Amino acid sequence: MIIERNTTPYIVFSEDPVLTALQKISANQQRIIFLVNESGVLQGALSDGDFRRWLIANPAASLETSALDVANKNVRSFAFGTDPAELQHEFARGISLLPLIDDRGHLMAIAMDEQNVLRIGRHTISEDSPAFIIAEIGNNHQGDVDLAKRLVDLAVETGADAVKFQLRDMDALYRQAGSQSAGEDLGVQYTLDLLRRFSFNVDQMYEVFDHVKQHDMDIMCTPWDAPSVQALVDYGVQGLKVASADLTNHELLRDMASRGLPMLVSTGMSREEEIRESVNLLRAAGASYALLQCQSTYPAPFKDVNLAYMDRLAEIGQSLVGYSGHERGYHVPIAAVARGAKIIEKHFTVDKTLEGNDHTVSLLPDEFTAMVQQIREVEEAIGSAAPREVSTGELMNRVNLAKSLVATRSIAKGEVVQESDVEVKSPGRGLQPNYLPQLVGRTMQRDVEAGSFFFEGDLKDDLVTRRDFKFDRPWGLPVRYHDFKPLISEAKPDFLEFHFSYKDLEMDIDQVFDRKLDMSFTTHLPDLFAGDFLVDLASRDPEIWERSIAEVQRTIDITRDLTRYFTVDDDPVMVVTMGGFTKDGHIAPAARADKYERIGEALKRLDTSGVRIAAQTLPPYPWLMGGQQYHNLFLDPQDTAEFADTYDTTLCLDISHTMLAANFLKMPLSQAVELLAPRTIHLHLVDGIGVDGEGVQVGEGDVDWAALGKQLRELTPNSSFIPEIWQGHVNNGEGFFTALDRLEKWL
């Protein structure tokens, strides 16, 4: 059970319209909202069931109707401070949210029947959320407010979710007033001396908290005594931390639990029966808490860390668990996340040699940054237990490395496939070998040449429509030299887009074409060149830069030469991936300008007469050379548009790439298109999923095609396009024609 003091997501004013209440119900995902008057007095509740019943009874009613007119005004409520056992009895009856009111009816909090959810400030921590990472500054500020503020600023840069401090009232905490240590053991004397010199008073702590508030970061603090608890509550910190040393301090635990704040409870220095006893106290108090596995030695030996005990803590606490680490390095917290920790606390410093034993087990800013990054990478890698799917990168490698069903002889349309007609050969462009039983006995609906692949379409009775499509802009098909003839025999595109391989550049085009075609064409720079070479016009390596310029110029020259075999009204477009990729991570945004400038220098070296260069928009995580890498340029629509304007370069707007970039940048696709489309002369139309699922069939990804079509008609009405579906060419262009059939109603 959670006592939620932040009621904002769960309330609307009684006079607000029903529509506002519905929006809040959708946002809080609890299927109910509570209604209060201007003074905060509870007046009713409105659930999604209440709304449906009202709408059925009043089908013509307006959504501007007052929410109170629709609400249940006899909502069951309880006094704030009600025994949690009584509330648990209500939850057992199937109720999930209970309003808690004061003696004048003001809504003070909401009791929620949630065990494995913890809300700390801006963060909701659950089994499905990223780990909540705390930079524990503690007393590492050495009693210096300015150093504390600097540590906060550095913690923000690391990507931490919260900073944590410690607050003590020395006179309330220790048996001798004035931090006197006479007669104490050596260890206590040492600790008291440090605390006397390095602890903040309340005013100093508030000043640092005010500084934290300037950042998008939550504040947590460990109170060591009752006056400190009150000071933290008075300020309004987002959560309280129970130090391992206070796990058995039931008086302090009750005080903290009564404040309605989420609690993180370290379990170092405690036996299991003591942990169970304290958990029972917290549950009886209705506290919202998580338990942290902790080894309270500085530094802790790895053999004593015992991450496996987190499983037992989760069972004991019936709560989320985390890890508070005092060991060397940051690999153990990463392992803790892999084992299920949803909260990580690690000490943070600017100098490990400073006085105080916390510094030796602390991380420096660059180490903390690396820990946060690697935790996020591990969380991505953990994934889910859903049925396995083949990733985009695996699909690409499957084509290169796997095997297919191939025809041993020419099979005419109408013939039945026999087992002797099929053999298994590489590459994996066609049907996988396990489809052999389904293929044998099928009547072919197309002619199949000896040595060619069978495709999934050969297992279907309904063929994809291949026809002359009608669009208000030029449309084309992506092709290679070896496959364009059968595609244009079934449909009449306005142009062809040749996606060159580096081997294609070596071919004699006079051996490819036997006549002039009554259509136009575009070309696409090869993605890969001999020797695993990738064009990078942004490179500062002279050898890479010079070869990149040479390969682009060679492709321009071939593009120019191709005009002999086509009916060309305008100079052909050549799509170029300009470069700027990295192998190990994205560069800082500030570093992009230099790379764009380098590309600008390269463009001045090129003879582009007779060809229109179009810089392709790019995804954040491209699939290059069989694995995932990182694109940095032509990713952010803002600097892409600035580049186009600065260097007078037009764009090829690849919708899949830009959809993935928009997801990565957390911006609407429409905003990206608003910037890019006016500078676009050519389009690659294809869907995308997430941040790296490119090449998806139109209508099967994240793109809102109706909205996009409207934008493209307004902002770039004359740009040509191709449907660039990944592997769309197989089965005589089945993927391309499926896309064109769907796009016809939007473009």
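See the values below:
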{"item": "Within the chain, percent of DSSP bridges classed antiparallel, to nearest 5", "result": "35"}
{"item": "Whichever aspartates and glutamates have a C-alpha closer than 14 Å to that of Lys503, once near sequence neighbours (fewer than 8 apart) are set aside", "result": "Asp527, Asp532, Glu551"}
{"item": "Scattering curve values for the range 480-743, log₁₀ I(q)/I(0), Debye with Cα scatterers, q = 0.08, 0.10, 0.13 Å⁻¹", "result": "-0.30, -0.47, -0.84"}
{"item": "Descending Cα extents along the principal axes, the range 496-566, whole Å", "result": "43, 19, 15"}
{"item": "Cβ-placed point charges (K, R +1; D, E -1), dipole of the range 368-464 about Cα centre in debye, nearest 20", "result": "160"}
{"item": "Vicinal HN-Hα couplings computed from phi for the range 497-509 (Karplus, 6.51 cos²θ - 1.76 cosθ + 1.60; Hz; Gly/Pro x)", "result": "10, 7, 8, 5, 9, 5, 5, 4, 5, 8, 7, 7, 5"}
{"item": "Cα-centre dipole for the chain with unit charges at Cβ (Lys and Arg positive, Asp and Glu negative), debye to 20", "result": "1020"}
{"item": "Bins of 5 Å, starting at 0 and running to the largest distance - Cα pair percent for the range 129-382", "result": "1, 6, 14, 18, 21, 18, 14, 7, 1, 0, 0"}
{"item": "Cα-projected label distance for Gln511 with Asn280, points at 7 Å along beta-carbon direction, nm", "result": "8.7"}
{"item": "Distance from the range 533-601 to the range 457-526 (C-alpha centre basis), Å", "result": "23"}
{"item": "Contour excess over end-to-end distance, with Cα ends at Val156 and Ala706 and 0.36 nm allotted per residue", "result": "194.0 nm"}
{"item": "Distance from the range 613-637 to the range 700-730 (C-alpha centre basis), Å", "result": "18"}
{"item": "Trypsin sites (Lys or Arg not before Pro) lying in DSSP loop within the range 352-404, provided at most 12 other Cβ fall within 10 Å", "result": "Arg388"}
{"item": "Contour excess over end-to-end distance, with Cα ends at Glu15 and Lys470 and 0.36 nm allotted per residue", "result": "158.6 nm"}
{"item": "At 1.567 mPa s and 4 °C, Stokes diffusion of the chain via Kirkwood alpha-carbon radius, µm² per second", "result": "42"}
{"item": "Loop-located trypsin sites (Lys or Arg not before Pro) in the range 119-152, at most 13 other Cβ atoms within 10 Å (DSSP)", "result": "Arg122"}
{"item": "Residue-wise HN-Hα coupling along the range 518-523, computed from phi with Karplus coefficients 6.51, -1.76, 1.60 (Hz; x: Gly, Pro)", "result": "8, 6, 9, 7, 10, 9"}
{"item": "Along each principal axis, Cα extent of the range 392-459, largest first, Å", "result": "36, 18, 18"}
{"item": "Which of Thr124, Pro84, Ile56, positive extreme of dipole for the chain (C-beta unit charges)", "result": "Ile56"}
{"item": "For the range 345-411 and the range 68-145, distance of Cα centres in Å", "result": "34"}
{"item": "Under Karplus coefficients 6.51, -1.76 and 1.60, residue-wise ³J(HN,Hα) of the range 104-112 in Hz, glycine/proline x", "result": "9, x, 6, 6, 9, 6, 10, 7, 10"}
{"item": "Amide H partners (placed H, <5 Å) of Tyr621, local residues excluded", "result": "His631"}
{"item": "Within the range 103-143: backbone nitrogen closer than 13 Å to the Val350 label point (7 Å, Cα to C-beta)", "result": "140-143"}
{"item": "Leu528/Val390 FRET efficiency (R0 30 Å; Cβ-Cβ; nearest 0.05)", "result": "0.85"}
{"item": "Principal axis dimensions, the range 663-747 - Cα atoms, whole angstrom, descending", "result": "36, 29, 20"}
{"item": "Placed amide H near Met519: partners under 5 Å, 5+ positions off or other chain", "result": "Thr567"}
{"item": "Dipole magnitude of the range 2-112 about its Cα centre (Cβ charges: Lys, Arg +1; Asp, Glu -1), debye to nearest 20", "result": "300"}
{"item": "For the range 337-401, diffusion coefficient by Stokes-Einstein and Kirkwood Rh (Cα), 4 °C, 1.567 mPa s, µm²/s", "result": "86"}
{"item": "Sites matching trypsin sites (Lys or Arg not before Pro) across the range 528-581 that sit in DSSP coil, with at most 11 neighbouring C-beta atoms within 10 Å", "result": "Arg540"}
{"item": "Volume in Å³ per residue [convex hull over Cα atoms, computed for the range 2-112]", "result": "94"}
{"item": "Value of relative contact order over the range 129-382, rounded to a whole percent, pairs C-alpha under 8 Å and six or more apart", "result": "20"}
{"item": "Cα-only radius of gyration and Dmax that characterise the range 585-693, units Å", "result": "13.6, 39"}
{"item": "Dipole of the chain, positive end: most advanced residue of Ala614, Tyr481, Ser47 [Cβ charges, Cα centre]", "result": "Ser47"}
{"item": "Cβ-based charge dipole, the chain, positive-most Cα from Ala588, Ala287, Ser391", "result": "Ser391"}
{"item": "Label-point gap, in nm, between Asn6 and Tyr647 - each point 7 angstrom along Cα→Cβ", "result": "4.4"}
{"item": "Sum of -39500 (n - 2.57) over DSSP H runs of 4+, divided by residues of the chain (222 nm, nearest 500)", "result": "-10000 deg cm²/dmol"}
{"item": "Cut-off under 5 Å, modelled amide H: who pairs with Phe132 long-range", "result": "Ile343, Ile344"}
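All of the numbers you see were taken from the coordinates with simple rules; none came from a lab. As the structure is a prediction and not an experimental result, all values here were calculated from the model. Every residue, glycine among them, receives a Cβ derived from its backbone with ideal geometry; neighbour counts consider all protein chains shown.
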